[in-house]
Each structure stands twice: as structure tokens, then as C-alpha cells.
Amino acid sequence: MGTKASIRWSKKITPCQVQQLIRAERDVKRALLVFDAATAEYVNGFKHDHTTYGLIISRLASANQFRSAEMLLYRMKEEECKITENIFLSICKAYSQAHKPLDALRIFNKMKEFQCEPTPKSYLIIFDILVSENRLKMAQDFYKHMTKAGIPPSVGSFNILLKALCKSSRTLDAAFKVFEQMPVRGFVPDCYTYGTLINGLCRLGQITKARKLLLEMEKKDCSPSVVTYSSLIHGLCLSNCMDEALEMLNIMSSKNIKPNVITYSSLMDGLCKRGRSSEAMGLLEKMVNQCLLPNNITYSSLIDGLCKEGKLQEALEILDRMKLQGYQPDAGLYSKFVNGLCESCKFHEAANYLDEMILSGVFPSRFTKNVHFKMYNTVVKGLCSQNSFDRAFQVYRCMQTRCISTEHETFHILVVSFCRKGDLHKSAHIVNEMVLSGHTPGEATWTAIIGGFWARRKVREAAELMQNTLIKQHAGLNGTILS
């Protein structure tokens, strides 16, 4: 469906027909083409209704095409098409998914401009978005605005307020005061209320209180959800209570509560961090047997744990499984695998994975640059230690093209290695790059390269090299730009 003209409409086009075609298109651009093609039928008396507009606006917003989505709001206004609250909320939720809470708030504030009066549902959604994105001061102001606007308190509003107060140890006591006031004000805490408090306690390391709250929850016939148990399991793992965390998994099974990916991932991460990767592998199989697909966090934890225990073959198998599932390993995951190979002195394999990382388009971010720096330098030095000088030089060249800094020690080892190999011109070239990178060759580096030239009776070249290098060092100290 490349053009508007390629769509064959029935004699009497209906909104339902248009909506079916839009839903059938997986590509949002093609879905918009359907919408625009139907618009061309306005001359024949057809008009988009609010349902069709809502559908295409939701599709555009979900694809982060916010400008196009908002333009359609104004088009609806021009066409005097009814704009419902849900249409606005679909854009707000999409902005939340894109971690743009201020834009979500802006759209909420536009509702009255379009003669759409927000209900308590809209207020609660925006309040929750601000809290979830840690805009706590703004969330506090919005809560006051809700009160002034006459939005009545509800279990939902209390739950969001508790979530905000549970984000810090300083406000945790205030959260429990609000919790205690709920029954007094006629609101019965639900499983989400308890789950929010248990999650907050676990994140802040207060496991004993979390356990007590779980017991209280069960006594009041408020059934814990998988989220509640997952929060407690995660907290137990963080507190090094692995056996109790595993027992909690058995309790879930006895109560017919099915664990989810987060439950298993928390347990596997905890086991791997404590040298129990074999048990984690068992949980992986159990998880897959329950038709739950592992995610990036699951695989990353397993590979990290297996590499630390020297189980590189198993780690490799997990990496392959991950790729087959369609996940692209990130820089952090590659670094765990490469570091594991380096610890086992498998530097050639490590270098091959560095190449794979480049071919996969994985580049260091500002968060992983230090990881890349250590990883590449370790591989170069390791290859030199195994007399794989040419492979080491390839990795070194790759570092330069990717703007990854070379350690002083790495430069020195490369120079010494190529002197031993008899490639004096390459040694001299590395010394030159060493100086240009701001490193001053030490006595051992000079001894290696001058000794190499001397052994081959190339004293003049050695002298010229030293002279040029010293000139460059002097120029660098004086701020001179070398051509």
C-alpha cells in the first residue's frame, strides 16, 4: 500500500472499515496513509469520527511521533469532532513511556482548551506519571492542585501518594502514617497498597518489616500478588538471604501464584552474584518450561556469573541463546564476557569478541567508556604476553579509531614487543603516537627501542627518533600545535 490511490474503498466507506485497515497495518507510516486516503473521501460525504482519530493518534504517539499526534488534535477541533478524555490520555501515557513527564503534564493542561473536562481518572494518571518519573516536588504540587480542584481522595490516590513517600528513607515514616490513616478515613488498603509499602521497605533494606507486613496482609485476607512476592524476593536477594528467597518461590507455587520474568531474574541474579550459577541455570530451564522468555537482565546476570566462575563454555552457550531470541548484547554484557576470557588467558577469543562488538554496531557510551578502556588495554597487553604482536597491534589500531585511550603501560608493552620482533619502525611509530597522546616514554621504553636500533647498528635513526620525540614533548609543554 504505497499511495492513497492504491486503496480501493467500498461504495459507502465507513469509520469501522477505516479502523480495521489502520489496525491491520503494522507500520505506523502506512497506517497514516490509510487515514489520509480516507480523508480524501470527505468530498463524498465521509468523515472521520472520534474513534478513528483516537486510534491513529494513539498509534502515532506510541511510535513517538508526538508532533503529528498533537496536530491531529487541532484538526479534530477544526472539524468539530468530539475529543474524548481517552485520546488525551493516550498521548500522556506515550510521553510517560518516553520518559517525558513534563510533556504529559502539558497535554493534560490542554484538555480544557479543547472543551474536554478531566475526570479523577486523568488526575490520577498524571499524578502517577510524575511520581514514577521521580518528579516528586512537582507531584506534591500537583496533589495540592488535585485537592483544590475538588478531586475526592480514593484508594488509588493514596496508593500513588504512598509510592512517592516510599522512594526515600526520609519519608518512609510518613508513608506509614498515611497508611494508618486510610481506614480512619474510610479507605481499605488493597493488595497494591501493601505491595507498594513492601517494595519500598525491600528497596531500603528493611526486610524484617517487609516480612511482617506480608503476614499482616495475609491475615486481612488481602492476597499478595506476583508483584508483591517479586519485590520481597528481590529484597531478600539484596540482603543475601538467598535460601529464604528460594523458599519464597516455593510458597508462591503452593498458593498457585505464577512467578514472572522479574521474579526469576531477581533470583538468578542473586544466585550468580554468590557463586551459585549452576542453581541459576536450573532456574533458567524451569522458567523456559513455564513458557517465560528470559530478558536482557536475565541473560546478563547469567553470563556475568558464569564468567566469574570460569564457566566460559556455558556462558558462550547462553550468549548464543540470547542472540537466537533476538536480543542484541550491549557494551556491558560484551565486557563481562571479554573480561571472563581475559581472566582465563584466552586473549585471542577476547579480541574476536571485540571485533564482533564493532560489527554489531556496539559503541561505548559515556557510561561504558571506562569499561571499554580497561577491556581493550587488557586484551592488547594479554596478546603481547602471548607473542601475538600483530593481533595486538590490530586491537590497538581499533582503539585509536574508536577514540579509546591507551594506557601508558600498554604503549610500553607494544614498543617492547615490536622491538623483540625486530619491527623497529613500528616501535618508533608507536613511541611517536605515545608522545602525541600526552604520555612521556620512561627509561625502560627508551632502553628497549634504542637497544633495538643499536643491535641492528641503526644508531643514527635512534638518535633522530629521540631528538624528534624530545622536540615534540617540549613543544607540547609549551602549548605548540604540532603539524
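Taking the solvent-accessible surface of protein heavy atoms with a 1.4 Å probe, what is the per residue accessible area of the chain in Å²?
52 Å²
Express in % the proportion of alpha carbon pairs of segment 277-382 at distances exceeding 24 Å.
Every Cα pair in segment 277-382 considered, those over 24 Å come to 22 percent.
Per residue of the chain, what 222 nm ellipticity follows from adding -39500 (n - 2.57) for every DSSP H run with n ≥ 4, rounded to the nearest 500?
Using -39500 (n - 2.57) per qualifying helix, the result is -22500 deg cm²/dmol.
Which value, in debye to the nearest 20, describes the size of the charge dipole of the chain about its Cα centre when Lys and Arg Cβ atoms bear +1, Asp and Glu Cβ atoms bear -1, and nothing else is charged?
660 debye
What lysines does LYS148 reach when the alpha-carbon gap must be under 19 Å and sequence neighbours fewer than 8 apart in one chain are set aside?
Cα-Cα hits under 19 Å: LYS110, LYS112, LYS121, LYS137.
Hand me the chymotrypsin sites (Phe, Trp or Tyr not before Pro) from segment 1-106 located in a DSSP loop with no more than 16 other Cβ atoms within 10 Å, in residue order please. If you can, show how the numbers build up before the last one.
On the way: sites: TRP9, PHE35, TYR42, PHE46, TYR53, PHE66, TYR74, PHE88, TYR95; in loops: TRP9, PHE46.
For chymotrypsin sites (Phe, Trp or Tyr not before Pro) across segment 1-106 that sit outside H, G, I, E and B with at most 16 neighbouring Cβ atoms in 10 Å, the list reads TRP9.
Return the carbon/sulfur percentage of the accessible area of the chain, one whole number, probe 1.4 Å, all protein chains in place.
For the chain, the apolar C and S fraction of the accessible surface comes to 54 percent.
State which entries of LYS209/LYS311; LYS29/LYS144; LYS163/LYS369; LYS93/LYS212; LYS209/LYS323; LYS12/LYS82 exceed 30 angstrom in Cα-Cα distance in the structure shown.
Violating the 30 Å Cα-Cα cut-off are LYS209/LYS311; LYS29/LYS144; LYS163/LYS369; LYS93/LYS212; LYS209/LYS323.
How large is the accessible surface of HIS50 in square angstrom, using a 1.4 angstrom probe and rounding to the nearest 10?
We get 70 Å² for HIS50.
Loop-only check: which GluC sites (Glu not before Pro) in segment 20-93 are DSSP coil with at most 10 other Cβ within 10 angstrom? Don't skip to the end; give the middle numbers.
Values: sites: GLU25, GLU41, GLU70, GLU78, GLU79, GLU80, GLU85; in loops: GLU25, GLU79, GLU80.
The qualifying sites are GLU80.
Test of understanding: express the Cα radius of gyration of the chain as a ratio to 2.2 N^0.38 Å, with N the residue count.
Taking N as the residue count of the chain, the ratio is 1.36.
Once you keep just the Cα pairs under 8 angstrom separated by 6 or more residues, what percentage relative contact order results for the chain?
Numbers: 505 pairs, mean separation 23.2, N = 483.
Result for the chain is 5 percent.
Quick one: putting +1 on the C-beta of Lys and Arg, -1 on the C-beta of Asp and Glu, what dipole do you get for segment 211-276 around its Cα centre, in Debye to the nearest 20?
In debye, rounded to 20, segment 211-276 gives about 60.
Pick out, in residue order, every one of the trypsin sites (Lys or Arg not before Pro) in segment 264-331 that is DSSP loop and has at most 15 other C-beta atoms within 10 Å; say none if there are none.
In loop regions of segment 264-331 (DSSP not H, G, I, E or B), the sparsely surrounded trypsin sites (Lys or Arg not before Pro) are ARG274.
Full-extension gain between ILE358 and LEU293, please, as 0.36 nm times their residue separation minus the C-alpha to C-alpha distance.
20.7 nm
The values are calculated or read from the model by the stated rules, or taken from the named source; none is laboratory data. This one's a predicted model, so the numbers in the text were calculated from it and none came from an experiment. Counting neighbours? That spans all protein chains shown, and the Cβs are built from the backbone with ideal geometry, glycine included. To get the accessible areas, we keep the full protein, side chains included, count just its heavy atoms, and leave off ligands, DNA and RNA. Shrake-Rupley method; radii C 1.70, N 1.55, O 1.52, S 1.80 Å.
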